[in-house]
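Enquirer: I have a structure here, written as structure tokens, and I will follow up with some questions on it.
The values are calculated or read from the model by the stated rules, or taken from the named source; none is laboratory data. These numbers were taken from a predicted model, which means no experiment stands behind them. Here the Cβ is made from the backbone with ideal geometry for all residues, glycine too, and neighbour counts use every protein chain on show.
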Amino acid sequence: MNTEKRYIKPAKATNSFNNFVQWLTKRGVSVVGSRVLMVRGRKTGEIREVPVNLLPFEGGRYLVAPRGATQWVRNLRVAGEGQLRVGKRVEGFTYRELADDEKPALLRAYLKRWKFEVGVFFDGVDAKAPEEKLREIAPGYPIFELMPA
């Protein structure tokens, strides 16, 4: 499997769940750390919105893409910056995309916190997986360290 090009398209049920989480988050109700990511579309130039899970880890803040190279990942890579929203609070950010060898500890932390929600995208890998397994799957999961704009 070519994990660098990995992308799992959302099912209709996923879209419905995401729309509900986005609706709540826009109204100030963060669902287990949810934020609405706003990023400029790479083709249209229009602002695109999607709910994401913001992972605090060892003093940093991270976005993990459990479905791989999604539209928001591709847009963020082109735009170079984005915004996160909860209710009326909006904060801009830039980012650094992590190298694969930096990802295992973050993947483990992400799975500890959100396996109930995203476990289906990890093909049976969970937070208890050996370090080698997390290194093996790392190329399929883009991770961004966020910095203030």
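Enquirer: Residues to consider are 51, 66; find the one that is closer than 26 Å to residue 100 by Cα, within 15 Å of the chain's Cα centre (by Cα) and assigned to a loop (DSSP other than H, G, I, E, B).
Expert: Numbers: 51 fails: assigned to a loop (DSSP other than H, G, I, E, B).
Exactly one residue qualifies, and that residue is 66.
Enquirer: Further, regarding this structure: Looking only at the range 6-25, how many residues end up being part of a helix (DSSP H, G or I), touching a residue at least 60 places away in the same chain (Cβ under 8 Å) and under 14 Å from residue 71 (Cβ atoms)? Step through it out loud before you land on a result.
Expert: The first filter runs over the range 6-25 and keeps only residues part of a helix (DSSP H, G or I), leaving 12-25.
Applying the additional criterion that residues be touching a residue at least 60 places away in the same chain (Cβ under 8 Å) yields 25.
Filter once more, so that each one left must be under 14 Å from residue 71 (Cβ atoms): none.
Number satisfying all stated conditions: 0.
Enquirer: Name the single residue that is surrounded by the fewest Cβ atoms within 10 Å (Cβ to Cβ) among those in the range 71-126 being more than 20 Å from residue 7 (Cα to Cα) and of a type in the set (Phe, Trp, Tyr).
Expert: The residue in question is 93.
Enquirer: Still on this structure, please answer the following. Among 72, 114, which is the only one that is at pLDDT below 95 and either in a strand (DSSP E or B) or of a type outside the set (D, E, K, R) (or both)?
Expert: 114
Enquirer: Only one residue in 45, 28 is surrounded by fewer than 17 Cβ atoms within 10 Å (Cβ to Cβ), in contact (Cβ under 8 Å) with a residue 24 or more places away in the chain and outside any strand (DSSP E or B), so which one is that?
Expert: Every option except 28 fails the conditions.
Enquirer: Take the residues in the range 48-69 that are of a type outside the set (A, V, I, L, M) and without any contact (Cβ under 8 Å) to a residue 60 or more places away in the chain; name whichever of them is farthest from residue 82 (Cα to Cα).
Expert: Among those residues, the one meeting the criterion is 58.
Enquirer: In the set 146, 106, which member is within 21 Å of residue 39 (Cβ to Cβ), part of a strand (DSSP E or B), at pLDDT 95 or above and touching a strand residue (DSSP E or B) at 6+ places or on another chain (Cβ under 7 Å)?
Expert: On the way: 106 fails: part of a strand (DSSP E or B).
Just one listed residue meets the conditions, 146.
Enquirer: Next question, about the same structure. Consider only pairs whose beta carbons are under 7 Å apart and that are at least six residues apart or on different chains; among these, list those whose first residue lies in the range 109-124 and is in contact (Cβ under 8 Å) with a residue 24 or more places away in the chain and among the hydrophobic types (A, V, I, L, M, F, W, C) and whose second residue is part of a helix (DSSP H, G or I) and buried (at least 17 other Cβ atoms within 10 Å of the Cβ).
Expert: 122/111
Enquirer: Looking at residue 92 and the list (1) in a loop (DSSP other than H, G, I, E, B); (2) closer than 17 Å to residue 36 by Cα, which single condition is not satisfied?
Expert: Tallying (1) in a loop (DSSP other than H, G, I, E, B); (2) closer than 17 Å to residue 36 by Cα, residue 92 fails exactly one: (1).
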